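In what follows, a structure is listed as structure tokens, so that the remarks can point back to it.
Bear in mind these aren't lab numbers, they're just calculated from the coordinates by the rules spelled out. Since this is a predicted model, take the numbers as computed values, not measurements. Glycine also receives a Cβ, built like all others from the backbone with ideal geometry; neighbour counts cover every protein chain displayed.
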Amino acid sequence: MSKIIGISALYHDSAAALVIDGDVVAAAQEERFSRVKHDASFPATAIRYCLAQARLRLADIDAVVFYENPALKRERQIDAFVRSAPHSYKAYARFARRIFVERDDIMAMLDESIAKIDPISPFRGQLVAGSHHASHAASAFYPSPFAEAAILTVDGVGEWETTSISRGAGNRIDKLKTIHFPHSLGLLYSAFTAYCGFRVNDGEYKLMGLAPYGTPRYATRIRDSLIDLKADGSFRLDLSYFDYLTSDRMFNEAFAALFDGPPRRREDPVTQRHMDVAASIQAVTEEVLLALAAEAVKAAGVRKLCLAGGVALNCVANGKILRSGLVDAIWIQPAAGDAGGALGCALKHYYDTTGAPRAATGQDAMRGARLGPAYAQELIEDELKKLGAVFEVLDEQVLIAATAQALAVGETVAWFDGRMEFGPRALGGRSILADPRRLDMQRQLNLKVKFRESFRPFAPIVLAEEAAKWFELEGESPYMLIVAPLRAEHRKPLPPEAETKTGMDKLGLDRATIPAVTHVDYSARVQTVDRERNPRLYALLRTFAQLTGTPVLVNTSFNVNDEPIVCTPADAYRCFVKTELDRLVVGRCVLERKKQPPRQIAAPQPVRAAAGAQPDDSIYTLY
């Protein structure tokens, strides 16, 4: 029996995954345990969880695989410093101190950290360096339902590569084409993320959510000045507009001048110019990804496509690829970013070293991405009692009926069920649910529950068998990674004055029968729910549909702004009492906010500035 742990760490979103004989057994991000968002530290707790889930000791593990190759990454960093000298001397001084003075040897550090996890049963297997984009490609293909597929990975940078096209067949992945640093679609998108005032490696999805409020009036400037895109999807950036080769900054003054003004600061409002910039880079990103997808299926000779890498989280572009006619089917790794690299490197090592056949069953092997810890009912009750929580324990059918009724009358419900999700999306394990029919629900959730910018959209969950009746979506979207238009019959005519509204003034218009999950361009980031992957959430949706005639609910992650998604019952209760959520369901325990002890209820948090995160265009840890 082959038992392999994969880890990603030391940049952002560190994680661990356990693969046993090619089976995905467990995976989790370190941030869920440490409560530090995007935690980059060595994933010691995530590894301990994976071992506990399989009832293994560290001595039972055959190999620990790191998701990238530190030696190749260092080679690329030194090459970049040399090529950009003398302008890069400040960044190089910090790099040199870390490497040559502090003796920062990543593989040695990993070896020491692994040894501390279980000193009684020490690790005796191999510690192996992987490859960043090969890890992404493996995470995309091996768990997919496809016997063979084209594979496209796109991100900021890993070692030398920023983009790769591969072909997967059986237990083999063959790389066909690559694009190398410093030419990177991920870094291009991150430069615009920083320019619009959001944090790199955190705010890219905010930029995507801002785009529908603008018009792509700068798209031509981006094409003419920043990126040279060829017909085969290959591209080059004009590096004279970017500073990531010579400093900690993503872009320079020439970049800002191209878009008519300085970068946005935290205290600045989001203006129409920022919305137009967001719309412009989103449009160009979609164009590049469509060209890359076309080249991937052509080069691989197969019209099924797997996607991974941070840019694969751009669900608007994913939806356009699916509807383009370029592919017959698409599958996206739900943990598409660096956390998913932990899973990919473990799978790649398994197939490379064993040569074992891969049985493509037509079903995805991610177990609905429910790969994190679950908590027994007895433990849930014990934790809640220790916290002084007031709760009832209900029979399952009574609980489902009561929760559906509460949602139907407008309550917001935190839903904690079974194993925690792996990846950035809450998919029904650690979710906040609400009625999508209510016009004010988007604003209510953003300001009173999530404490975040009012423009941020929410996603619908829909019964899988009903999805095509509500959205222009063929097939399933179980991981909330595809944006699809709302069908015309569920749209409402807007009043004549709506035509003159721009930017944030478009918010609050009654444009759909499910306005809380319908973006201003009539799109929605859809999650389909089926009985097999998520039986309990499926039952709740069915009951809500019977009550209301609407097989759709709002689903957003169970956390507040700037905190990781909750992991434990205690995390769930603490998050519940410091928001204005009405109800919490944890296992079979039901808690109502109004019944909690007054000392437990925190005053509502002040809403963060609408401008969003502090500008932070540093990519030093990436560079």
Dipole magnitude (debye, nearest 20) for the chain, charges at Cβ of Lys, Arg, Asp, Glu: 600 debye
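Averaging the inverse of every distinct alpha carbon separation and then flipping it gives the Kirkwood radius. What is it for region 217-360, in angstrom units?
17.9 Å
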Let me make sure I get this right: for region 1-49, a, b and c are the square roots of the gyration tensor eigenvalues over alpha carbons, sorted descending. Under 1.5 in a/c it's rounded, otherwise prolate if a/b > b/c, else oblate. Which is it? prolate
Residue separation times 0.36 nm, minus the C-alpha to C-alpha distance between Thr548 and Asp530: what's the value? 4.6 nm
Straight-line reach from Lys116: which lysines have a Cα under 22 Å away, not including same-chain ones fewer than 8 places off? Lys3
Please sort by residue number the trypsin sites (Lys or Arg not before Pro) in region 117-216 whose DSSP state is loop and whose Cβ has at most 12 other Cβ atoms within 10 Å. Arg124
In whole angstrom, largest first, the equivalent ellipsoid semi-axes that the Cα gyration tensor gives for region 193-250 are 20, 18, 11
Can you give the charge dipole size of region 242-392 about its Cα centre, rounded to the nearest 20 debye, using +1 on the beta carbon of Lys and Arg and -1 on the beta carbon of Asp and Glu? 480 debye
Given the DSSP H assignment, sum -39500 (n - 2.57) over each helix run of at least 4 residues in the chain and divide by its residue total; what's the result at 222 nm in deg cm²/dmol, nearest 500? -9000 deg cm²/dmol
Using a Cα-Cα cut-off of under 12 Å, which aspartates and glutamates could be cross-linked to Lys492, ignoring same-chain neighbours fewer than 8 residues away? Asp510
When the convex hull of its Cα atoms is projected in every direction, mean area for region 247-332 (nm²): 7.6 nm²
What shape does region 559-604 take by its C-alpha gyration tensor, where a ≥ b ≥ c are the square roots of the eigenvalues and a/c under 1.5 counts as rounded, a/b above b/c as prolate, and the rest as oblate? oblate
Calculate log10 I(q)/I(0) of the chain for q = 0.07 Å⁻¹, where I(q) comes from the Debye formula with a single equal point scatterer on each Cα and nothing for solvent. -0.42
For His180, His133, His490, His519, order by how many other beta-carbon atoms lie within 10 Å, fewest first: His180, His490, His519, His133
Would you mind getting me the FRET efficiency between Asp111 and Leu439? Use the beta-carbon distance for r and R0 = 51 Å, nearest 0.05. 0.35
Using the alpha-carbon centroid of each, what span in Å lies between region 498-516 and region 270-325? 26 Å
Alpha carbon Rg of region 377-600, scaled by the compact-globule rule 2.2 N^0.38 Å: 1.00
Report the full-extension gain for the segment Gln363 to Ala256: residue separation times 0.36 nm, less the Cα-Cα distance, to one decimal in nm. 33.8 nm
Please rank Glu466, Glu286, fewest neighbouring Cβ atoms within 10 Å first, as an exposure proxy. Glu466, Glu286
Added length on full extension, which subtracts the Cα-Cα distance from 0.36 nm per residue, Arg217 to Val409: 64.9 nm
Starting from a Cα-only point model with no solvent, please compute log10 I(q)/I(0) by Debye for region 368-461 at q = 0.20, 0.26 1/Å. -1.22, -1.34
Taking a ≥ b ≥ c as the square roots of the Cα gyration tensor eigenvalues, with a/c under 1.5 meaning rounded and otherwise prolate when a/b beats b/c, else oblate, which class fits region 306-381? oblate
May I have the pair-distance distribution P(r) for region 332-421, computed from all Cα-Cα distances with 5 Å bins from 0 and rounded to whole percent? 2, 9, 12, 16, 15, 11, 10, 10, 7, 5, 2, 0
